[in-house]
Structures are given as structure tokens and as C-alpha cells.
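Working notes, beginning with the structure itself.
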């Protein structure tokens, strides 16, 4: 059984906070800010935080089980200079960190997706590297370590046009992380390290998040409470509907695809005391305001309104 986290204090509830995040307020001090992409169980994050008390460290991981383990390690170590963010890397970099704010980044043994047909899933694509470079301070670097040489070669091939330069080398085991020990146990003695150095700043502003407008309508067509899809530059899919006819309420499970952002959330259809209905994102879904979410609201209201 996985040991529980001891406290949620080191977990940053970023969906509930103004974005980009005011990291000085999160840590209660101004200090150089560093990021670990894919912090996993928090082993390396907590070690670095203990060794470098003068730095504010953010560990980012998309997996809740990993984030929970990292939270436990941070609490057991009694660290005040390390926090955890649960989200995917590109989304976190784009929305949570301002340009030229990171004094250092590291990523240890990211999933290499070894099959060529899966290469599009790999992190550190040309687009991701341009985003990453925009968040680094002029003197910052990103350290990437992998056990899979073809992945290191692939990342090196993504560098042109990103404003970054890569120093590539073979290294012995030096990280002392779970995955490094795993590969060592299987006989691997050489690993591959890329140090990405910022050479030219390429602007990448934080995306503006629009104020969502919730549709109100006087009449409802219950027959329109069905699944549907609308594909285009912004794609909106209604995947499921739960409808309480007696209460006049419904939940619609939506998926919105726009640019490199995919969101799954519920829209709530609720009667208003003065008559008619209101359509809004269901509370607690943590949806990010976007043009796609606004389009989902408008398309859904158009289908549900009586004509």
C-alpha cells in the first residue's frame, strides 16, 4: 500500500490561483527559481532542496501518485523551499511561469517513447524547447539525462531555431535516482546528458485567459440533450449527458481541443429561480478559461435553446 502524503501544504493549487503564479508569494520570499520536470517520487527534488536552501524549487509531475510521494518526502524532510505542481510540462511552463523567470531546469530520464511511431509523444520537441527557452533567464541552463541514446540524438536534432545550444556528452551514473539505479542494476554503465544553454531569447508570452460569458436562455429543448461533435480549428465534443428531467438539470461531459491544449470537463445546465436556464462549467472541474471553452458554451446553448 502506498504511504499517504502527510500534508497538502507543498502542493500548489494552481487552477485556483491567478496565472502566471506569483512564486515569491508561494514561497514567502524572493529567491532564484528552479524547476524539475517530471519530479516523480521527489527523491532528487528534496535532495537538491536540502543542499540548496537559498533556491526556491518547483517539482512538476502529471501523475498524482508520483506527486503524492513527492509531497511526503518534502514533509518528512521539513523543507520550506520545495513545492509540487501536478500538471503536464508544456501547460505548466506556458501558463504558470513568466518569461525569463527560471534560473535552472532539469529533467531526469523522461519517457523516451522508443518506437518511431510513438515519437510524436516525446517531450523536448522543437516547439517545447522554444517554450522552455523563453522561460529561462539569460544565464540559465536545462540539464537533461537519459539512458536511451536515440532519444538524446532526437532531442539534439530538435535544437535548431529554438534559441538554445546543446552540449552533449556521455556520463557515468551521477544522478542517484530510482531510474538510474534501475538501469545500473540491468548493467548499464553509460548515460547521456544534454545541457541546453540559452543563447537567444525568443518571446513566448503567457496566454491571455478570457473572461467566460455564461449563456442564459428562456426555453430548453430536452431532445437536444444528446452527444454531438463539432470538428474544426477549435473542436468541441459532447461525450455524455446526464439529465434530471424532473429538476430540469443536466451535466454534459465535454472535450475541447484547441492548439496544444486539450481539456475535459463538465458543463452544468441549471434552472434559474426567475425562470429559464444558465449554462456554465461545473464548479470543481478546474477548467482553464479559453476560447475553446467559450465556444463549447455557445455551441451547447445554441443546441439546447428552443427555436
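Values in this text are rule-based calculations from the coordinates and carry no lab data. This structure is a prediction, so every number in the text was calculated from the model and none was measured. All Cβ positions, glycine included, derive from the backbone under ideal geometry; neighbour counts span all protein chains shown.
Assorted remarks:
- Extended-chain gain in nm, criterion 0.36 nm per residue less alpha-carbon gap, residue 224 and residue 25: 67.0 nm
- Computed label-point distance, nm, for sites residue 245 and residue 189 using a 7 Å Cα→Cβ extension: 7.4
- Annotation: peptides 9-15, 156-162, 58-64, ranked by per-residue average of other Cβ atoms within 10 Å with the highest first, follow the order 58-64, 9-15, 156-162.
- Principal-axis analysis of the Cα atoms of the chain puts helix 291-304 at an angle of about 20° to the longest axis.
- The range 14-198: C-alpha gyration tensor shape, a/c 1.5 cut-off, then a/b vs b/c: oblate
- Here the relative contact order of the chain, from alpha carbon pairs under 8 Å that lie six or more residues apart, stands at 13 percent.
- Most tightly packed first, judged by the mean number of other beta-carbon atoms within 10 Å of their residues, the peptides 178-185, 42-49, 144-151, 194-201 read 42-49, 144-151, 194-201, 178-185.
- Estimated from the Cβ-Cβ distance and a Förster radius of 35 angstrom, the FRET efficiency linking residue 302 and residue 47 is about 0.05.
- Descending by average beta-carbon neighbour count within 10 Å, the peptides 293-301, 127-135 line up as 127-135, 293-301, the highest first.
- Relative contact order for the range 57-120, counting Cα pairs under 8 Å that sit 6 or more residues apart, in percent: 34
- Cα-based shape type of the range 1-84, given that a ≥ b ≥ c are square roots of the gyration tensor eigenvalues and the cut on a/c is 1.5: oblate
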